[in-house]
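Encoded as structure tokens, the structure appears first; notes follow it.
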Amino acid sequence: MKLRKILFAGLALGLLLPQLAGAAPAADNRPACVLMKFTDDTRYDAIETAEQLSELVMVRLLDSHRFRLMETRPLEENMERELYREKMQELQEFKTAAATHDYNALFEGPGFRENKAQSIATASVGQIVTPSITRAIGEQHKADYLIQGTIINMGIGNWWNVDYAAMSTAVNTASALAATPISVSLSGISGPLGGMLGDIEISRSGIGIECDIRLIKAATGEVLWTKRVVGLATTRGITIGAVTLGSARLSGSLYRKALEQAAGKVTEALLADVETGKLFLK
Amino acid sequence: MKCLLVLLLLGLEILPASFGEAAALDRYRQILLEGRYTIEYHNITPAERVTNRDRVHLFGKTGLAVAQNDYLTNRPRKGMIVSRGEDRYEEVGDEEFAACRLTKGGEDFFFTKYKGKGGYEYFGTKKNQVTANNRNYLAEALEGKSYGDEDMSRIINALLSAGRPQGWAQVAAGTLAGGVTYEDYQGKSEDRTQIIRCYFTGGVLTKIAVAEFGADAAGNLTGHKCIIAVKAFTAAPREEYLSLPAKLADVTKRKEAKAK
């Protein structure tokens, strides 16, 4: 009985082996990528939005199976810190040039090339982020491309409205305020309607997280692709006399929702351009 | 001895050629002083917005409110300044979107334009309408006139003050490969130092590179660099920009109108 089982198992294995050999995975032609931890340019970096957003984006990218991710966690390498060291060295060069009145080394050097990115946050398509830094990260993780993001704004208000009409009005008001004494600009805020609508209160609040996402070629430091997205979570409360429907209070869950939205939009932007071939052109 | 004399004479000849003659930048300073010009530029390396604390500004400022504009944050941008005496037009943005200010008759009109399906669409206080604001003479007196974004405003105001104790002073001039000439300047204001190289192709200003540094309140060395590609800098104001676009109606309720 035992012998029969062994023979059967051997036969089954013999039949399966050729199939297993044929099913060996084809070479993965997807470019090798790593996701860098997002950088946070807002004043709220202490609440670690960058860490959470990076993790959420990582999970979505892994789920999509569209990228050959060489690491399954966002890389902790702080590109900003490396670039900061470079910037400090550059500032010393500024001082030397000012003291010697010899500007050639500074202005004709690599730091002032027109395609050199001023910082990681302002790096746009075609600009170069210091290649020695991106190359080292790429080589360490065997990655051809770095996916990197920057949180550029987070907060409450209506700034996130990227609809041109609403944005234009907001910008024009901001410009007018910036160029007008405050005593003038505040007049008329509480008009007669304020009193008439005293018994009904409709309040709306929300949290927006705006970020730039970019794809960098590790070998050259060239920025190949960028997109700006806004993750938004809003809530609304209506109060009629003593009765309140809904709540316009800001909460942790609203913040979490905004994070999820931002991560979703970052991933959507990446996937959409993978589909249309706009990513990995070079 | 003869050789020394020749060298001395040569030296005397060379010096005026470098510093004694009018600098190529003087021509542009003169255009600015005359107040009739068109300047078009690209700010290739705008400074990043470090925090979003800059959203409230109580005392007014020169320069369009670029820092408060999320569309333009951290992006390379184009600018245009047109001047004909007291009438001015400024624009900062890119191909898709621009924040604009028209100054006319002592009033400021702030509006934005964006590229729609049928050409540019305009928004002031609402679509196709704009209301005038009083011109902020106080901000101008404190910070100088506005020239597009803050980088360009700082550069042009410094250029205008060249030769004064607080202004730019020329430190060198020369020629690079390809015949591009340059003039180097240095300026100091409060605790900040600016070093500037202006590039000229055939005597025409084509690029301004600025490195600025100084100590912050905590004594740390801070600074930033900026590259402005100058696309046009002429003494001919582009008149079409000195009135509101045809699509944009001025709906300001002025005191004179009320009196009637």
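Odds and ends about this structure:
- Matching residues, the range A:131-157, being in a helix (DSSP H, G or I) and either of a type in the set (Gly, Ala, Ser) or touching a helix residue (DSSP H, G or I) at 6+ places or on another chain (Cβ under 6 Å) (or both): A:132, A:133, A:136, A:138
- In the range A:258-282, the residue that is surrounded by the fewest Cβ atoms within 10 Å (Cβ to Cβ) out of those that are at pLDDT 80 or above and either touching a Phe, Trp or Tyr at 6+ places or on another chain (Cβ under 6 Å) or among the acidic types (Asp, Glu) (or both) is A:275.
- Against the conditions (1) free of Cβ contacts under 8 Å to residues at least 40 places away in the same chain; (2) open to solvent by 20 Å² or more (accessible area, probe 1.4 Å); (3) among the small types (Gly, Ala, Ser), residue A:126 satisfies every one except (1).
Results for (1) hydroxyl-bearing (Ser, Thr, Tyr); (2) surrounded by 13 or more Cβ atoms within 10 Å (Cβ to Cβ), shown as yes or no for each residue.
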| residue | (1), (2) |
| --- | --- |
| A:44 | yes, yes |
| A:57 | no, yes |
| A:67 | no, yes |
| A:74 | no, yes |
| A:80 | no, yes |
| A:83 | no, yes |
| A:89 | no, no |
| A:103 | yes, yes |
| A:106 | no, yes |
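- Residues within the range B:96-131 that are at the interface with chain A (Cβ under 7 Å from one of its Cβ atoms), open to solvent by 40 Å² or more (accessible area, probe 1.4 Å) and closer than 18 Å to residue B:238 by Cβ, tallied: 0
- Subset of the range B:132-142 [open to solvent by 60 Å² or more (accessible area, probe 1.4 Å) and within 11 Å of chain A (Cβ to nearest Cβ)]: B:134, B:137, B:138
- Residue B:137 vs. criteria aromatic (Phe, Trp, Tyr) and modelled with pLDDT under 90: yes
- Test: residue in the range B:238-251 that is under 29 Å from residue B:133 (Cβ atoms), of a type in the set (Ser, Thr, Tyr) and part of a loop (DSSP other than H, G, I, E, B): yes
- The number of residues in the range A:104-123 being within 7 Å of chain B (Cβ to nearest Cβ) and touching a residue at least 40 places away in the same chain (Cβ under 8 Å) comes to 1.
- Verdict on residue B:207 being open to solvent by 30 Å² or more (accessible area, probe 1.4 Å), of a type outside the set (Gly, Ala, Ser), closer than 21 Å to residue B:175 by Cα and part of a strand (DSSP E or B): yes
- Of the helices (runs of 4 or more DSSP H) lying entirely inside the range A:24-130, those carrying at least 1 residues that are more than 25 Å from the chain's Cα centre (by Cα) are A:79-100, A:104-107.
- Taking the range A:182-257 and the strands (runs of 3 or more DSSP E) fully enclosed by it, the elements with 3 or more residues that are in contact with a Lys or Arg (Cβ under 9 Å, 6 or more places away or on another chain) and at pLDDT 65 or above are at A:200-217, A:223-240.
- Whenever a residue of the range A:254-282 is closer than 17 Å to residue A:61 by Cα, its partners that are open to solvent by 10 Å² or more (accessible area, probe 1.4 Å) and of a type in the set (S, T, N, Q), lying with C-beta atoms within less than 6 angstrom and at least six residues away or across chains, give the pairs A:259/A:52; A:271/A:64.
- Here residue B:67 fulfils each of the conditions (1) open to solvent by 10 Å² or more (accessible area, probe 1.4 Å); (2) within 7 Å of chain A (Cβ to nearest Cβ); (3) modelled with pLDDT under 85 apart from (2).
- Test set (1) farther than 21 Å from residue A:54 by Cβ; (2) modelled with pLDDT under 90; (3) facing another protein chain (nearest Cβ under 7 Å) - residue A:152 fails condition number: (1)
- Residue within the range A:83-103 that is in contact (Cβ under 8 Å) with a residue 24 or more places away in the chain and facing another protein chain (nearest Cβ under 8 Å) present: no
- Residue list for the range B:214-227, restricted to those being over 18 Å from residue B:156 (Cα atoms) and either open to solvent by 40 Å² or more (accessible area, probe 1.4 Å) or of a type outside the set (Gly, Ala, Ser) (or both): B:215, B:216, B:217, B:218, B:219, B:220, B:221, B:222
- Options B:171, B:230; residue that is at pLDDT below 95 and surrounded by 15 or more Cβ atoms within 10 Å (Cβ to Cβ): B:171
- With respect to the conditions (1) modelled with pLDDT under 85; (2) surrounded by 16 or more Cβ atoms within 10 Å (Cβ to Cβ), residue B:90 falls short on a single one, namely (1).
- Where strands (runs of 3 or more DSSP E) fall entirely within the range B:87-193, those with at least 3 residues that are farther than 19 Å from residue B:242 by Cβ are at B:107-116, B:119-123, B:169-175, B:181-189.
The values are calculated or read from the model by the stated rules, or taken from the named source; none is laboratory data. Since this is a predicted model, take the numbers as computed values, not measurements. Glycine gets a Cβ as well: all are built from the backbone with ideal geometry, and neighbour counts include every protein chain shown. When the accessible area is computed, the model is the full protein with side chains, heavy atoms only, and any ligands, DNA or RNA have been set aside. Shrake-Rupley method; radii C 1.70, N 1.55, O 1.52, S 1.80 Å.
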